[in-house]
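See below for the structure under consideration.
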Amino acid sequence: MKKTAALLLGLMGIFSSAQTSSFVFNNYNGYDAVGRLMTCSPTPGLVRYMYASPNGSFGSYTMPAGISSFYSSFGTTGLAPFPMNMNYWNITDPSNTANNVSYPYNHSYITSTMSSINEWASFHFFLMDSAGNTIDSYLVGDPNVAINAGVTANAYQVGPNSGIEAEWFTISTSTGKVTYFSIYP
């Protein structure tokens with residue numbers, strides 16, 4: 001009986017730290033958001049985290065002006081409609097630097113290992129106009145998750161130059177958690 005209880009507690013610990021939310025993002029304004037989308041562990045300690053590789057035909061991870069899309073999980077980012085299809089995750093693993101490489105979105109290291117320990121964490125980005133000029137800089141995300149990778153993120157931020165607002169929040173629904181990231185006009 002004690003072994004069964006210990007096994008159940010162990011499994012609960014694994015599942016409680018697993019990726020539990022999809023990611024919905026909306027860029028409602030006229031500027032592209034260009035930057036680094038990050039995931040990391042919601043649990044403090046030695047953390048493995050991931051950065052999104054460039055998506056679509058962009059040279060950096062980009063949420064184009066006017067885009068609304070979503071990722072069901074880390075392991076489905078390559079299935080998102082163009083231009084939001086993101087085919088690789090760049091891993092940082094301080095405990096095993098051999099893992100510090102890019103993996104395809106559907107690789108077992110992403111779908112099993114990283115999905116079991118990470119959550120959507122933050123997006124550090126610049127709003128850029130069509131000529132490539134930077135309008136504003138943001139670091140928006142879940143402050144309680146991003147801090148575990150040493151990143152200080154804001155759940156809500158207003159661009160000092162543009163007055164454009166960005167926010168990040170997670171809600172619980174009948175089918176699970178959903179993390180929202182939105183940039184407003």
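The values are calculated or read from the model by the stated rules, or taken from the named source; none is laboratory data. On a predicted model such as this, the values are computed, not experimentally measured, just so you know. Note that each Cβ is placed from the backbone with ideal geometry, even for glycine, and that neighbours are counted across all protein chains shown. These area figures cover heavy atoms from the full protein model, side chains too; ligands, DNA and RNA do not enter into them. Shrake-Rupley method; radii C 1.70, N 1.55, O 1.52, S 1.80 Å.
Contact list please: Cβ distance under 9 Å, first residue in the range 120-132 and without any contact (Cβ under 8 Å) to a residue 40 or more places away in the chain, second residue acidic (Asp, Glu) and not in a strand (DSSP E or B), pairs at least six apart or on different chains.
So the pair list comes out empty.
Mind telling me which of the residues GLY30, GLY59 ends up being assigned to a loop (DSSP other than H, G, I, E, B), over 23 Å from ILE171 (Cβ atoms) and either in contact with a helix residue (DSSP H, G or I) (Cβ under 6 Å, 6 or more places away or on another chain) or free of Cβ contacts under 8 Å to residues at least 12 places away in the same chain (or both)?
GLY59
Does the range 115-133 contain at least one residue that is among the polar types (S, T, N, Q), over 19 Å from PHE25 (Cβ atoms), open to solvent by 40 Å² or more (accessible area, probe 1.4 Å) and modelled with pLDDT of 95 or more?
Scanning the range 115-133 turns up at least one residue that is among the polar types (S, T, N, Q), over 19 Å from PHE25 (Cβ atoms), open to solvent by 40 Å² or more (accessible area, probe 1.4 Å) and modelled with pLDDT of 95 or more.
For the range 54-66, enumerate the residues that are open to solvent by 10 Å² or more (accessible area, probe 1.4 Å) and modelled with pLDDT of 95 or more.
The answer is PRO64, ALA65, GLY66.
Would you confirm whether or not the range 139-156 contains a residue that is at pLDDT 95 or above, open to solvent by less than 60 Å² (accessible area, probe 1.4 Å) and farther than 20 Å from VAL47 by Cβ?
No, the conditions are met nowhere in the range 139-156.
Residues in the range 83-99: is at least one surrounded by fewer than 16 Cβ atoms within 10 Å (Cβ to Cβ), among the aliphatic types (A, V, I, L, M) and assigned to a loop (DSSP other than H, G, I, E, B)?
No, the range 83-99 contains no residue that is surrounded by fewer than 16 Cβ atoms within 10 Å (Cβ to Cβ), among the aliphatic types (A, V, I, L, M) and assigned to a loop (DSSP other than H, G, I, E, B).
Take the residues in the range 17-35 that are open to solvent by 20 Å² or more (accessible area, probe 1.4 Å) and among the hydroxyl-bearing types (Ser, Thr, Tyr); name whichever of them is farthest from SER102 (Cα to Cα).
TYR28
Kindly establish whether MET38 is touching a helix residue (DSSP H, G or I) at 6+ places or on another chain (Cβ under 8 Å), surrounded by 13 or more Cβ atoms within 10 Å (Cβ to Cβ), at pLDDT 95 or above and within 24 Å of GLU167 (Cβ to Cβ). Show your work before the answer.
On the way: touching a helix residue (DSSP H, G or I) at 6+ places or on another chain (Cβ under 8 Å): yes; surrounded by 13 or more Cβ atoms within 10 Å (Cβ to Cβ): yes; at pLDDT 95 or above: yes; within 24 Å of GLU167 (Cβ to Cβ): yes.
It is true that MET38 is touching a helix residue (DSSP H, G or I) at 6+ places or on another chain (Cβ under 8 Å), surrounded by 13 or more Cβ atoms within 10 Å (Cβ to Cβ), at pLDDT 95 or above and within 24 Å of GLU167 (Cβ to Cβ).
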